[in-house]
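Chemist: I'd like to ask you about the structure that follows.
The values are calculated or read from the model by the stated rules, or taken from the named source; none is laboratory data. Fair warning: this is a prediction, and the values are worked out from it, not measured in the lab. Heads up, the Cβs are rebuilt from the backbone with ideal geometry, glycines too, and the neighbour counts pull from every protein chain shown. Each accessible area value is taken on the protein alone, full model and side chains, heavy atoms only, with ligands, DNA and RNA left out. Shrake-Rupley method; radii C 1.70, N 1.55, O 1.52, S 1.80 Å.
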Amino acid sequence: MSDKARTLFDALDLDRDGTLTRTEVIDALRSKGPTLAARGVIPFWGVGTDDDSSALFDEADMNGDRVLSFEEFATLVNRRFGW
């Protein structure tokens, strides 16, 4: 898994519990997305609307348990962002 995926996951894990919820992904990308893009952690085109963040969550939640493990998250972002 890429270091960029780990950095992004850690930035989005607002409660630091090692998983991401839909709310965390939406809230974190809304508040931190532009800064993360400016730092090169996420591509600028990867910062979207709340609906885009929700769709990213749905696509990554492979087992349907409504939380994202690092592995689920990294699989999606590595593919989507070409890492």
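Chemist: Could you tell me what fraction of 2.2 N^0.38 Å the Cα radius of gyration of segment 1-42 comes to, as a two-decimal ratio?
Modeler: For segment 1-42, the normalised Cα radius of gyration is 1.07.
Chemist: By average Cβ neighbour count within 10 Å, what is the ranking of 37-50, 2-15 from highest down?
Modeler: Result, highest mean first: 2-15, 37-50.
Chemist: Here is a follow-up. For the chain, what is the calculated [θ] at 222 nm in deg cm²/dmol (nearest 500), taking -39500 (n - 2.57) for each run of four or more DSSP H residues and dividing by its residue count?
Modeler: Details: 4 runs with 50 residues, N = 83.
Computed mean residue ellipticity for the chain: -19000 deg cm²/dmol.
Chemist: Would you work out which of Leu20, Ala38, Thr7 lies farthest towards the positive end of the dipole of segment 1-43? Charges go on Cβ: Lys and Arg +1, Asp and Glu -1.
Modeler: After comparing all options, I get Ala38.
Chemist: Only four residue types carry charge here, +1 at the Cβ of Lys and Arg and -1 at the Cβ of Asp and Glu. Report the dipole size of the chain about the Cα centre in Debye, rounded to the nearest 20. Mind dumping the intermediate values first?
Modeler: Numbers: 10 positive and 16 negative charges, 84 e Å.
Computed about the Cα centre, the dipole is about 400 debye.
Chemist: Tabulate in residue order the Karplus-calculated ³J(HN,Hα) for segment 25-30, using 6.51 cos²θ - 1.76 cosθ + 1.60 with θ = phi - 60°, rounded to whole Hz; enter x for Gly and Pro.
Modeler: Values, residue by residue: 4, 5, 4, 5, 5, 5 Hz.
Chemist: By how many nm would the segment from Ser31 to Asp65 lengthen if fully extended, with 0.36 nm per residue of separation less the alpha-carbon distance?
Modeler: Net length gain for the segment: 9.8 nm.
Chemist: Quick one: with all protein chains in place, what share of the accessible area of the chain is carbon or sulfur, to the nearest percent (1.4 Å probe)?
Modeler: Working: 2340 of 4570 Å².
Summing carbon and sulfur atoms, their accessible area is 51 percent of the total for the chain.
Chemist: Oh, and also: For percent of Cα pairs over 22 Å apart, pick the label among (i) 55; (ii) 10; (iii) 14 that corresponds to the value derived from the coordinates.
Modeler: The listed entry that was calculated here is (ii).
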